[in-house]
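The values are calculated or read from the model by the stated rules, or taken from the named source; none is laboratory data. The structure displayed is predicted, hence computed values, not measured ones. As a convention, Cβ positions derive from the backbone with ideal geometry for all residues, glycine included, and neighbour counts pool all protein chains shown. Only protein heavy atoms, including side chains, enter the accessible area calculation; ligands, DNA and RNA are left aside. Shrake-Rupley method; radii C 1.70, N 1.55, O 1.52, S 1.80 Å.
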Amino acid sequence: MIGINDVEETNIRYLFLKVLERALSDFKNGSANQKQEVVEWLGTDDFNEVCALADLLPEKVIKTFYREN
């Protein structure tokens with residue numbers, strides 16, 4: 001049976017996956033200013049924390065951003 005902590009962890013992971021999804025969208029389709037903001041965010045402590053909460057490796061996320069561009 002799924003416990004409340006499992007549900008909370010899933011919800012947290014989903015939330016931060018959406019944060020990364022939005023950043024990728026801004027990176028690919030946003031204005032020049034939005035793209036620059038994403039580039040400046042990549043690799044920061046905040047970015048690394050978002051990746052950790054999404055249960056992803058920051059290095060792989062960064063590679064995905066540049067591969068998708």
Of the candidates Cys51, Asn5, Val39, the farthest towards the positive dipole end of the chain (Lys/Arg Cβ +1, Asp/Glu Cβ -1, centred on the Cα centre) is Val39
For the chain, the dipole about the Cα centre with charges only on Cβ (Lys and Arg +1, Asp and Glu -1), to the nearest 20 debye, works out at 400
On the accessible surface of the chain, probed at 1.4 Å with all protein chains in place, carbon and sulfur together account for a percent value of 52
If one compares the long axis through the Cα atoms of helix 4-29 with the longest principal axis of the Cα atoms of the chain, the angle in degrees, nearest 10, works out at 10
The base-10 log of I(q)/I(0) that the Debye equation returns for the chain at q = 0.16, 0.19 Å⁻¹, one scatterer per C-alpha, is -0.55, -0.72
Rounded to the nearest 10 Å², the 1.4 Å probe accessible area of Ile12 is 80
For Lys28, counting only aspartates and glutamates whose alpha-carbon sits under 19 Å away and dropping same-chain residues fewer than eight positions off, the answer is Glu37, Glu40, Glu59, Glu68
Of Tyr14, Tyr66, ordered by accessible area with the largest first and a 1.4 Å probe, the sequence is Tyr14, Tyr66
